[in-house]
Amino acid sequence: MKNNEAKHIYKNITEILKMITDASKFRIPLVLFKSVLDAFPTLINIFIMKSVLDIGSKGSNLMSLLGVIGISAFLYITIALYNAWFNQKFKVHSDLCIKEHLQSVVYSKIPQIDLEAYDSTEFYTSYTKAVKEINNRAISVLETLSTILSNFISLIGVASIILYLQSELILFVIMYVVLSTFIASRKTKVVYQADMAQIDDNRKMDYVSRIFYLKDYIKDLKVFNFYTYFINCFKEVIKNLHIIKKDFENKFLFYDFIQNILQVVFVLAMITFLGIKLFFKQITVGSFAGLLNSAQSLGNAIQQTFTFFPDMIQHSMYIDNIKELLDYKSKIETTTHGKKTDRNKHVHVIELQNVSYRYTDTSNNVINNVNLTIKSGGTVAIVGYNGAGKTTLIKNIVRLYDPTNGKISMDGTNYKEYEISALRSMFGIVFQDFQCFATSIADNILLRKLETPEDEKLVWDALHISGLAEKVKSLPKGIQSVLTKEFDEDGVILSGGEIQKLAIARVFAQNYPIIILDEPTSALDPISEFELFNRIKEISKEKILIIISHRLYAIRNMDKIIYFEKGEIKECGNHESLIKKNRRYAEMYYTQCD
Ligand code: ADP
């Protein structure tokens, strides 16, 4: 192992140990104490075996045997009591604290990850690996250290016994250890390669299993009998795993075979060597048994001690995955210094200057050289066919993505100069694929816990604007009704249109100066949609309001309508002027409304 590599491993291991100590202060000292205790049974067994056999064969001192048994009994009981307390009382809670701390470290990193990263498979792989590994890997590191320590103590004890009784045996043991350590280290590398080769298929397997248990997918799966497709997908993944395992099986077979042969050869060599000594009466029967046992224990102890390095290499490789996620450098989400602003401030204008955006995996710009000024008090609708780039434009406007070219500013200040959370706090937005959560209607609207009577008023006002108040009044628990039956037997199931109204209510429960609705009303009937948009327009007079909709009838009263195509603004004006132009917007309108 090179010096740098050793330093890197040392750093990784100490970092994870520090995280464990932060989570559970006494875990490491108590594990170390347990390791010391765990080393004793090996030594006690050798002593008892030798003493009993010597008494049987040549009548050694009975008192010394009773002494050994007495001390052994005391140690065994102490170890048993300590282990029971450690495993059943201390470890269960300590494991939970470690889980809480480490998962929180990973979870609190997630908000700092740019949306762009989620578009990459590489990120998903690294994220899955990190979340999957972090708890178990931390505990495994501790277990390895504990095993090493207890083996090391046994090793010192057993080596002293051997040196005292028959020092030549040490040579056999050393030979055995060197060879088996070499094999173990080669095998560890192959284990890691095999794990990495399977990670994508394991991810697909997780996805299929999610599809089978998450309610969101059930309707489509049932109606289209899509189950068979995913069962086949699952089988395909298993087929791939067979292929991957086949690629590695000969290597594993080879290493296992060599390890087993080596062990058999070692034990046979010991028996032969000690048998000859016994035959020539150079050792007693007790010493024969004790030494044979000691040699095997020593072999195992040294082998385990030497596997410390391959094990640590493996741990370090996995810790690298965790660090890859924790060290992720965001371009947007960590803009934590900068100009502050707050949502009670009036926003006059948002300006897009020559804005272009290209996804990392697309060859062409999805947004192309867009120049747009959106002023408060003038409502804006963005229309266009699917894939025109409307949502991507919105994601740039709320700084989920940064333009590849050009700049966006709010009241004359470049977005990049604002602290990101301050900038985002200005936007009340409903995405096409918004989410509602299995919690109360009130919390879903406030996006925090409802606490005061003022909060209740905010919720009801917002429900009135979005048109859901009547429905919520009819529910026995009103705004405290929990959505879905996932955690509550009495949970309510809302229709698609009602859920959309709930999401819309969110943006009116706070005083956002900028409101963006990205096709939020697709499940509403055209008349309700038209009325809702007019209501929203009325109360957003002082704000910036941007609505994306496919239904041109519903947005025809908006002050400015932007017809978007292939990432470009093709037409812009109010409804009447665009109809007069009689181009793409007019064509789309007549197709829908004639
Ligand atoms: P619209 O909202 O007008 O329907 P979008 O902005 O959602 O259009 O998408 C515009 C184009 O960008 C589409 O061709 C779509 O396939 C592509 N696109 C959207 N999201 C991504 C993404 N995360 N990665 C790569 N391409 C994307």
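Within the stretch 157-185, the residues that satisfy the criterion of being among the hydroxyl-bearing types (Ser, Thr, Tyr) and in a helix (DSSP H, G or I) are 160, 164, 176, 180, 181, 185. Of the candidates 86, 123, the single residue that is farther than 30 Å from residue 398 by Cβ and assigned to a helix (DSSP H, G or I) is 86. Quick one: is residue 204 among the basic types (Lys, Arg), within 18 Å of residue 236 (Cα to Cα) and in a helix (DSSP H, G or I)? Spelling it out, residue 204 is indeed among the basic types (Lys, Arg), within 18 Å of residue 236 (Cα to Cα) and in a helix (DSSP H, G or I). At least 2 residues being small (Gly, Ala, Ser) and open to solvent by less than 60 Å² (accessible area, probe 1.4 Å) is the threshold, and among the strands (runs of 3 or more DSSP E) wholly inside the stretch 523-594 not one reaches it. Selection of first residues in the stretch 419-447 that are without any contact (Cβ under 8 Å) to a residue 24 or more places away in the chain and of second residues that are aromatic (Phe, Trp, Tyr) and open to solvent by 30 Å² or more (accessible area, probe 1.4 Å), restricted to Cβ pairs under 9 Å at least 6 apart or on distinct chains, gives the following pairs, ordered by first then second residue: 443/437. Among the residues of the stretch 61-117, those that are open to solvent by less than 40 Å² (accessible area, probe 1.4 Å) and within 13 Å of residue 37 (Cα to Cα) comprise 72, 75, 79, 82, 83, 86. Cβ-Cβ distances below 8 Å connect no pair with a first residue in the stretch 195-223 that is within 14 Å of residue 124 (Cβ to Cβ) and buried (at least 16 other Cβ atoms within 10 Å of the Cβ), a second residue that is modelled with pLDDT under 80 and acidic (Asp, Glu), and a separation of six or more residues or different chains. Please specify each residue of the stretch 392-409 satisfying the condition of being open to solvent by 40 Å² or more (accessible area, probe 1.4 Å) and either within 14 Å of the ligand (Cβ to nearest atom) or aliphatic (A, V, I, L, M) (or both). The answer is 395, 404. With respect to residue 153, is the statement that it is within 29 Å of residue 40 (Cβ to Cβ), of a type in the set (Val, Ile, Thr), in contact (Cβ under 8 Å) with a residue 60 or more places away in the chain and assigned to a helix (DSSP H, G or I) true? Criteria met by residue 153.
Considering (1) assigned to a helix (DSSP H, G or I); (2) open to solvent by less than 20 Å² (accessible area, probe 1.4 Å), the lone condition that residue 352 does not fulfil carries the number (1). Here the stretch 3-59 is the region considered, the condition is being polar (S, T, N, Q) and in contact with a helix residue (DSSP H, G or I) (Cβ under 8 Å, 6 or more places away or on another chain), and the residue that is surrounded by the fewest Cβ atoms within 10 Å (Cβ to Cβ) is 57. Taking the stretch 355-382 as the range and being within 12 Å of the ligand (Cβ to nearest atom) and either open to solvent by 30 Å² or more (accessible area, probe 1.4 Å) or on the phi > 0 side of the Ramachandran plot (or both) as the test, the residues that pass are 358, 359, 360, 361, 362, 363, 364, 365, 366, 368. Within the stretch 482-498, can one find any residue that is of a type in the set (Lys, Arg), over 32 Å from the mean Cα position of the chain (by Cα), away from the ligand (no atom under 16 Å from the Cβ) and open to solvent by 60 Å² or more (accessible area, probe 1.4 Å)? No: zero hits.
Against the list (1) open to solvent by less than 10 Å² (accessible area, probe 1.4 Å); (2) more than 16 Å from the ligand (Cβ to nearest atom), the condition residue 520 fails is (2). I need a count of the residues in the stretch 361-389 that are outside any loop (DSSP other than H, G, I, E, B) and of a type in the set (S, T, N, Q). Number satisfying all stated conditions: 4.
The values are calculated or read from the model by the stated rules, or taken from the named source; none is laboratory data. Computed from a predicted structure; not experimentally measured. FYI the Cβ positions are ideal-geometry reconstructions off the backbone, even for glycines, and counts take in every protein chain you see. Accessible surface areas use protein heavy atoms only, side chains included; no ligands, DNA or RNA. Shrake-Rupley method; radii C 1.70, N 1.55, O 1.52, S 1.80 Å.
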